[in-house]
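Read the structure below first, then the notes.
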Amino acid sequence: MHDRRRFLKTTMAGAGLLAVRPGLALSGEATAPGLGAKTAADRVVLGRTGVTCSFLAQGTGFNGWARASDHTRMGQPALTRLLRHGFDAGMNFLDMADLYGTHPFVREAVQGVPRDRMVMLTKLWPARADWVTPSGGARDEVDRFRTELGTEMIDVCLIHCVQDDRWLSEYARVRDELSELKDKGVLRAVGVSCHDHGALKLAASHPWVEVIFARINHRGGKEFSCDDTRDEVAKTLRLARANGKAVVGMKIFGAGKLTTPEDRDASLAYVLGERLVDAMTIGMTTTAQVDDSVRRIDRTLAA
């Protein structure tokens with residue numbers, strides 16, 4: 001069993017705590033699940049997991065591949081400034097992956113932040129590639145992730161980028177070992193990140209899945225990094241949420257293709273207005289983008 005109290009004492013003894021927006025709900029003081037949020041910084045509960053996080057997550061994998069991303073390429077000082085700016089804006093939800101190579105960068109960036117003031121989500125790449133040789137399970141990978149992040153517990157771990165409806169059987173050992181790690185308290189919740197509508201449909205109904213990363217925006221279709229038309233994806237997301245799954249929306253701005261203010265506002269209005277997600281992640285690479293995203297989400301939620 002992880003010794004979380006010892007870890008908290010260690011981190012609290014480090015650098016000074018980050019500023020918190022006045023009136024911000026702290027960890028453990030969450031709004032209702034899903035769109036009970038009134039601002040991007042409000043704390044929400046991810047489905048039935050009990051994990052409480054800010055509605056908006058800071059993504060760390062823009063243009064990510066082979067353990068590198070635009071976030072790692074900006075260098076440690078710039079990424080630290082970016083993440084701490086997000087914390088000061090009320091975002092405590094960190095979206096990472098082995099694929100992005102951001103674990104050691106995040107570990108350095110959050111030095112001195114109490115562990116219970118952060119929600120760490122990462123993703124395990126299960127398929128062999130030129131940059132990774134998977135163990136076939138999850139124990140070795142998650143142990144390495146914990147070392148890279150300097151934490152004994154990871155809040156959420158997902159199977160990354162499932163691309164067909166065979167993932168359930170193909171990655172059975174990965175699922176079993178993730179479940180074992182959850183039973184031991186190493187993980188709090190498990191699930192999948194979907195890049196295929198068949199995979200998403202399976203995730204929406206299968207009892208093993210607790211958290212789903214799903215690609216959704218108001219344009220829909222492959223051109224805008226969605227797995228089907230927006231309406232078809234929306235049907236599946238409604239089913240997933242009705243089944244108690246936590247849906248975290250990604251590609252809200254079409255993987256960087258929805259660049260105009262009108263498109264960004266329209267995408268937020270659709271995703272939030274249709275109540276399709278419990279939370280969302282955006283891969284912001286500048287403090288100005290953080291401020292812009294927070295402002296647009298706050299305005300849309302208020303409307």
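Nothing in this text is a laboratory measurement; each read-out follows from the coordinates by a stated rule. These numbers were taken from a predicted model, which means no experiment stands behind them. Virtual Cβ from ideal backbone geometry, glycine too; neighbours counted across all protein chains shown.
Amide H contacts of Ile159: Leu124, Gly191, Val192, Ser193, each under 5 Å away and 5 or more positions distant or on a separate chain (H built 1.01 Å from N in the peptide plane; Pro and chain starts excluded). Legend: helices of the chain (whole DSSP H runs) are marked when their alpha-carbon atoms reach 24 angstrom or more along the helix axis and their mean Kyte-Doolittle hydropathy is at least 0.0; nothing is marked. Of all lysines in the structure, those lying under 26 Å Cα to Cα from Lys123, and not within fewer than 8 positions of it along the same chain, are Lys182, Lys184, Lys201, Lys222, Lys235, Lys245, Lys251, Lys257.
Net charge dipole, the chain: roughly 540 debye, given to the nearest 20, about the Cα centre with Cβ charges of +1 for Lys and Arg and -1 for Asp and Glu. Which shape class, rounded, prolate or oblate, goes with the range 4-302 when its Cα gyration tensor gives a ≥ b ≥ c as root eigenvalues, a/c under 1.5 marks rounded, and past that a/b bigger than b/c marks prolate? Taking the square roots of the gyration eigenvalues as a ≥ b ≥ c, the range 4-302 is rounded.
The separation of the range 60-76 from the range 188-229, counted between C-alpha centres, amounts to 23 Å. Protection proxy ranking for 264-275, 212-223, using the average of other Cβ atoms within 10 Å per residue and placing the highest first: 212-223, 264-275.
Each peptide among 196-208, 291-303, 152-164 gets the average number of other Cβ atoms lying within 10 Å of its residues, and from highest to lowest they stand as 152-164, 196-208, 291-303.
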